[in-house]
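First the structure, in the form of structure tokens, and then the observations on it.
The values are calculated or read from the model by the stated rules, or taken from the named source; none is laboratory data. Here the structure is a predicted model, which is why all the values come from computation and not from measurement. Methodologically, a virtual Cβ is constructed for each residue, glycine included, from the backbone with ideal geometry; neighbour enumeration extends over all protein chains shown.
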Amino acid sequence: MKPLHKIIRLIAFGESESLDFKQTISDASKIAKTIVSFANNKGGTLLIGVRDNGSIAGIRSEDEKYMLELAGTFYCSPKIDIVFVEHEIDKKIVIEAHIPEGKEKPYYAKAEDGKWWVYHRVKDESLQASPVMFQVLKKQNRHQDELSSYSFLESEILNTLPIEKGITLTELLGLLKIKKNRVIYSLAKLIHFGLVKVEYLHKTEIFSLKV
């Protein structure tokens, strides 16, 4: 029995935090969002020529390769080098593009209006980073293993956040009565050190204690 092709096995897992399907790439700025979301996470793989339902469409021209290179070079900052491999499956070409985890987080994607935005990967979606997640990404460039002591505000956040059924940033601000920027910075620090977890409800961040 002929073994399943590597790409077929990948497709079987479905889109995820580290895997995304694209039937075609027609816009470098749009694909840049996915590219930076992978770089801001733990890296990922783009399969070009695969429909959302996992069926293989194949690419129709060399444009996809050009768009990938254009996106990584001119629509991502810092620049992201993308390694891609061509696969032929049932006489159709699929591009397997690898995006490495970035070492200079946060990475930005240039939008159609010329503005630069940060994206990160949440399950199978590329979401624009909130102020909290932006600070979390910035902290990933620093090499510090553990938090040796808590500030007054950090202690207040830990004492206020629930263990179950988390709360939004707005709710946390209402309870603490402290300036938003200070809370965002301290909350990001606690997330970075694994003391607070972030979950998403309809793309809204929910914060709770990590146990």
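A few points about this structure:
- Strands (runs of 3 or more DSSP E) (entirely within region 91-138) containing at least 1 residues that are farther than 30 Å from Lys180 by Cβ: 92-99
- Residue match in region 75-87 (condition: surrounded by 22 or more Cβ atoms within 10 Å (Cβ to Cβ) and under 18 Å from His5 (Cα atoms)): no
- Meets criteria (farther than 23 Å from Asp113 by Cβ, of a type in the set (Val, Ile, Thr), assigned by TED's automatic domain parsing to the domain that holds Tyr119 and surrounded by fewer than 16 Cβ atoms within 10 Å (Cβ to Cβ)) for Val94: no
- Residue check, Leu147 assigned to a loop (DSSP other than H, G, I, E, B), touching a helix residue (DSSP H, G or I) at 6+ places or on another chain (Cβ under 9 Å), touching a residue at least 40 places away in the same chain (Cβ under 8 Å) and assigned by TED's automatic domain parsing to the domain that holds Tyr185: yes
- Ile184 assigned to a helix (DSSP H, G or I) and either at pLDDT below 95 or within 17 Å of the chain's Cα centre (by Cα) (or both): no
- Candidates are the residues of region 11-59 that are buried (at least 19 other Cβ atoms within 10 Å of the Cβ) and aromatic (Phe, Trp, Tyr); the one that is nearest to Glu199 (Cα to Cα) is Phe38.
- Tabulated pairs, region 158-171, first exposed (fewer than 14 other Cβ atoms within 10 Å of the Cβ) and part of a helix (DSSP H, G or I), second at pLDDT 95 or above and not charged (D, E, K, R), C-beta under 8 angstrom, 6+ apart or interchain: none
- Region 34-86: number of residues that are of a type in the set (Gly, Ala, Ser), part of a loop (DSSP other than H, G, I, E, B) and under 19 Å from the mean Cα position of the chain (by Cα): 1
- Figure legend. Inter-residue proximity from region 189-211: first residues surrounded by 11 or more Cβ atoms within 10 Å (Cβ to Cβ), second residues β-branched (Val, Ile, Thr) and in a helix (DSSP H, G or I), beta-carbon distance below 7 Å, spacing 6+ or different chains. Indicated pairs: Leu190/Ile157; Ile191/Val136; His192/Val136; Val198/Ile191; Glu205/Val132.
- From the options Leu161, Leu169, Leu137, residue that is in the same structural domain as Gly194 (by TED's automatic domain parsing), over 30 Å from Cys76 (Cα atoms) and either touching a Phe, Trp or Tyr at 6+ places or on another chain (Cβ under 6 Å) or among the hydrophobic types (A, V, I, L, M, F, W, C) (or both): Leu161
- With respect to (1) within 20 Å of the chain's Cα centre (by Cα); (2) modelled with pLDDT under 95, the lone exception for Pro106 is condition (2).
- Region 1-33, residues that are under 28 Å from Ser130 (Cα atoms) and assigned to a loop (DSSP other than H, G, I, E, B): Gly14, Glu15, Glu17, Ser18, Ile25, Ser26, Asp27
- For region 63-73, the condition holds for at least one residue, the condition being that it is more than 23 Å from Phe134 (Cβ to Cβ), buried (at least 16 other Cβ atoms within 10 Å of the Cβ) and free of Cβ contacts under 8 Å to residues at least 40 places away in the same chain.
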